[in-house]
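Undergrad: Could you have a look at this structure, given as structure tokens, before my questions?
The values are calculated or read from the model by the stated rules, or taken from the named source; none is laboratory data. This is a predicted model, so every value here is computed, not measured. Positions of Cβ are generated from backbone atoms using ideal geometry, with glycine treated the same way; all protein chains shown enter the neighbour counts.
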Amino acid sequence: MDETNYNPIAALFGGDEAARTNPAPAPTTTVEPRLLPPTTDPLPPSQTLKVDPDRGLNTDVIKNHEFKLPSELDLSNVKEVKRLADEVAEYNHTLGWEKQQAKRKGDAKTEAKVDADIKALAVYSERLHLLAEGHHQLAQLKSGKGLQLKMCGDRFGDLAIDPTALAVGQMKAFKDGHLVFEAPSDETLHDLLTKRFTKMKHYTPHAVKTFTGLVKLAGLPVHGRKSNKHKLICGAGPSPQQVLYYNDPNALIERLKLLIASQHAGNTGVPC
């Protein structure tokens, strides 16, 4: 499992990340990306994961022990939800003592009932922890903390990107079911959208330009981040055009001597 994209809420209710395939390199093209007006007829909306936080829980047991159902809680208050989950776990220890008392008295009926309640409340406590963790991750995404400029399934921020078209050399981005951005896609654009940044990778100027446009259109933060992808689209990182490679060691030594002499002369603006 790819832990960077793990969502405990989606895992809880059966959400699966769409499979991605590595594309064959597409031929380089000079066609400019196009920002499109919304199409007249929107595409059918993709299925959205709808979460019922009470699903699968024994709600009667939870209410009988005077706890609130997850649907009755402010799940965005992560600290309070976690506190309640710990309180339920501690409460179960008390029920464990009652179960032992019933067993000593030979009261099999009470023992079985208390045991069933313990199991139901244990599931409830685990559910609260999962919901709290899920909302914590959502809060991080909204604030940009730990944010990765990377597709999750077919989603990229507010956009849905057609993975099949992307794999065959055509990037098509949709918003609210409308085609809003279209551009040719090469292998490096596919890698920017679906993989981690690789310093040794040569990202084409066209791929960087298209990727930057997608980031802005997707509502993702462009400035104020320290990831290599953010540096790339902001121009802070070295681009292939800014890097000089020397095959001749003597030429490299002469270049270093020139840079050192220039810096000694007070020219601190000379790039290294």
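Undergrad: Checking residue 141 against (1) surrounded by fewer than 19 Cβ atoms within 10 Å (Cβ to Cβ); (2) at pLDDT 85 or above; (3) touching a Leu at 6+ places or on another chain (Cβ under 7 Å): exactly one of these is not met. Which one?
TA: (2)
Undergrad: Go over the candidates 131, 149, 121 one by one and state the one that is at pLDDT 95 or above and either closer than 24 Å to residue 69 by Cβ or surrounded by 17 or more Cβ atoms within 10 Å (Cβ to Cβ) (or both).
TA: So the residue among 131, 149, 121 that is at pLDDT 95 or above and either closer than 24 Å to residue 69 by Cβ or surrounded by 17 or more Cβ atoms within 10 Å (Cβ to Cβ) (or both) is 121.
Undergrad: Which residues, counting only those in region 152-171, are buried (at least 19 other Cβ atoms within 10 Å of the Cβ) and closer than 16 Å to residue 221 by Cβ?
TA: Of everything in region 152-171, those that are buried (at least 19 other Cβ atoms within 10 Å of the Cβ) and closer than 16 Å to residue 221 by Cβ turn out to be 156, 157, 159.
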